[in-house]
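Enquirer: For reference, the structure I am asking about is given below.
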Amino acid sequence: MPERRTVALVTLGCARNEVDSEELAGRLAADGWDLVEDAAEADVAVVNTCGFVEAAKKDSVDALLEANDLKQHARTQAVVAVGCMAERYGKELADALPEADGVLGFDDYADISDRLQTILSGGIHASHTPRDRRKLLPISPAERQGATTVALPGHAQDTPPEDLPDGIAPASGPRAPLRRRLGASPVASVKLASGCDRRCSFCAIPSFRGSFISRRPSDVLGEARWLAEQGVKEVMLVSENNTSYGKDLGDIRLLETLLPELAAVDGLERIRVSYLQPAELRPGLIDVLTSTEKVAPYFDLSFQHSAPAVLRAMRRFGDTDRFLELLDTIRAKAPQAGARSNFIVGFPGETEEDLAELERFLTGARLDAIGVFGYSDEDGTEAATYADKVDPDVVAERLARVSRLAEELTAQRAEERIGETIEVLVDRVDDEDGVIGRAAHQAPETDGQVRLVTDGLATVPRPGRMVVARVVASEGVDLVAEPVGDGGCTEEAGR
């Protein structure tokens, strides 16, 4: 019997990339590849790259070079780039990085097994020529659902094999994506949609991810049920813009009806929605997010700035007072609701007065988590053509200044939560850190965590267990909490 082919998937970037990697894993496993965690033990190392900002692109290149080094002293025979950076730059990336044996775009995903086999056998698969993927789908959102010739990671357009190996399953229906979990975390992301119709002047994502297109509710529900069968307790809905979900399906309020259905899926304990646009956040959606059992009152709001002049230059909407009013509306309905956002400083034309306005907003917003980025030009964006650039040294100074403020404010917000009763989903248990989990206001990897004090508990809660606890201390953005009673973590409690 010939030796089995082995492949490792190295994922960088956002949760959307993690879903794409698990789809690639499903396709490869269904075609007979063995998946391994360590790239050094794989015949082929597939690096799912991020192409969003310069720092992410550098991380992607570093990961490809690190994987290439394995060819000198490990089993690895080939290194292949996929993902956003590969899609965005294609042949340009291949020419600049000859260490990569292949650069595959989204159009190659359906044939990923054949592509890797060709490369592993010493053949060459020509790198694609990047194109503006916004032009591949109809301008009218209502006409996009019928497009079956455009590659959309996370949206299957081919019929999966009838006999699938254990642990691989189409979420639902004949055209649902194959998926294989990479790891045993109790949380998993589910793609709600892909692409974006917004035209923010600093963002290149729509050009390589394409126009917005929703997945059908039945596919989302089917995938959530399958994940629950795999032991997942928390599902996080991801896309470039979740507040647009359903507009191409004829119902912009479709998310309000989908969330209660997801919350009713047996086995799931928490539903989390990410990537919300403030200008599109409807009162009805706020009501569902703040009042539906098992749906986390969590608001990942894309503010980006709060000074009106900067927002207009970004081709966005709002201002400090309107954003604060939105947060007040949310907290009036759910006082413990979590809120986070990212911000860009040093945008072309940003003045000291604009920066002071942003600081006024941050001071009043009481956000649980804040990401701050210094502006840099992105290829192909409108902002890259703006003339009134801020000096790079000034951008760096503003980044440091606002980052310090953000650190202070998020620590204060965490301290405000002392005394609250929270539900903690246990993520991991280890000798060094103890029992670590997250409350409803904390998304994986980005928003801090909770350390549970388990002294005196008859049973230490295992990963995937939901524990009722009271916050007793804070450590920066992180919380320390003591289980209430048995914390709901006895076997009989079932949570």
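The values are calculated or read from the model by the stated rules, or taken from the named source; none is laboratory data. The structure displayed is predicted, hence computed values, not measured ones. Glycine also receives a Cβ, built like all others from the backbone with ideal geometry; neighbour counts cover every protein chain displayed. When the accessible area is computed, the model is the full protein with side chains, heavy atoms only, and any ligands, DNA or RNA have been set aside. Shrake-Rupley method; radii C 1.70, N 1.55, O 1.52, S 1.80 Å.
Enquirer: Determine the relative contact order of the chain: mean sequence separation of Cα pairs under 8 Å and six or more apart, normalised by residue count, in whole percent. Spell out each step's value before the answer.
Expert: Numbers: 1032 pairs, mean separation 45.7, N = 495.
Over the chain, the number comes to 9 percent.
Enquirer: Can you compute the FRET efficiency between ARG253 and GLN412 using 1/(1 + (r/R0)^6), with r the Cβ-Cβ distance and R0 = 30 Å? Round to the nearest 0.05. Let's see the in-between values first.
Expert: On the way: r = 36 Å, r/R0 = 1.19.
Taking R0 as 30 Å, the efficiency between ARG253 and GLN412 is 0.25.
Enquirer: Give me the one-decimal nm value for the distance between modelled label points at ASP62 and GLU229, 7 Å along each residue's Cα-to-Cβ direction.
Expert: So the label points at ASP62 and GLU229 sit 4.0 nm apart.
Enquirer: In addition: Which percent of the accessible heavy-atom area of the range 420-483 goes to carbon and sulfur, probe 1.4 angstrom? Intermediate results must be reported in sequence, preceding the final value.
Expert: Details: 1240 of 2870 Å².
Of the solvent-accessible surface of the range 420-483, carbon and sulfur hold 43 percent.
Enquirer: Using per-residue counts of other Cβ atoms within 10 Å, averaged over each peptide, order 472-479, 226-233 from highest down.
Expert: Details: 472-479: 16.8, 226-233: 18.8.
In decreasing order of mean packing, 472-479, 226-233 become 226-233, 472-479.
Enquirer: For ILE124 and GLU54 in one chain, what is 0.36 nm times their gap in residues minus the Cα-Cα distance, to one decimal in nm?
Expert: Length difference between fully extended and current span is 22.4 nm.
Enquirer: Which label belongs to the value computed from this structure, given these candidates for Rg and Dmax of the Cα atoms in Å: [x] 24.3, 82; [y] 22.8, 71; [z] 27.4, 88?
Expert: [y]
Enquirer: If I take R0 = 30 Å and measure r between the Cβ atoms of VAL484 and ARG404 in this structure, what FRET efficiency does the formula 1/(1 + (r/R0)^6) give, to the nearest 0.05?
Expert: Details: r = 35 Å, r/R0 = 1.18.
Between VAL484 and ARG404 the formula returns 0.25.
Enquirer: Under a 1.4 Å probe, what is the accessible area of the chain per residue, stated in Å²? Working shown, then result.
Expert: On the way: 20820 Å² over 495 residues.
Value for the chain: 42 Å² per residue.
Enquirer: Further question on the same structure: Counting Lys and Arg as +1 and Asp and Glu as -1, what is the net charge of the other residues whose Cβ lies under 11 Å from the Cβ of MET314? Show your work: numbers first, answer last.
Expert: Details: positive: ARG198, ARG199, ARG312, ARG315, ARG316; negative: GLU350, GLU382.
Every neighbour counted, the sum reads +3.
Enquirer: Continuing with the same structure: Pulled fully out, how much extra length does the chain show between ALA142 and GLU99, if you take 0.36 nm times their separation in residues and subtract their Cα-Cα distance? Mind dumping the intermediate values first?
Expert: Working: separation 43, 0.36 × 43 = 15.48 nm, distance 4.27 nm.
Using 0.36 nm per residue and subtracting the Cα-Cα distance, I get 11.2 nm.
Enquirer: Go ahead and collect, in residue order, the members of the range 305-349 whose backbone nitrogen is under 15 Å from a label point 7 Å along the Cα-Cβ direction of GLU445.
Expert: none
Enquirer: Give the carbon-plus-sulfur fraction of the accessible surface of the range 321-417 in %, rounded to a whole number; probe 1.4 Å, heavy atoms of protein chains only.
Expert: Values: 2300 of 4550 Å².
Of all accessible area on the range 321-417, carbon and sulfur atoms account for 50 percent.
Enquirer: Using R₀ = 41 Å, calculate the FRET efficiency as 1/(1 + (r/R₀)^6) where r is the Cβ-Cβ separation of GLN72 and ASP388; round to 0.05.
Expert: Values: r = 48 Å, r/R0 = 1.17.
Taking R0 as 41 Å, the efficiency between GLN72 and ASP388 is 0.30.
Enquirer: Ranked from highest to lowest mean number of other Cβ atoms within 10 Å per residue, what is the order of the peptides 44-50, 287-293? Mind dumping the intermediate values first?
Expert: Values: 44-50: 27.1, 287-293: 16.3.
For the peptides 44-50, 287-293, the packing ranking is 44-50, 287-293.
Enquirer: Given LYS58/LYS191; LYS57/LYS294; LYS58/LYS247, which pairs have Cα atoms separated by over 29 Å?
Expert: On the way: LYS58/LYS191 26 Å; LYS57/LYS294 36 Å; LYS58/LYS247 35 Å.
Pairs exceeding the cut-off: LYS57/LYS294; LYS58/LYS247.
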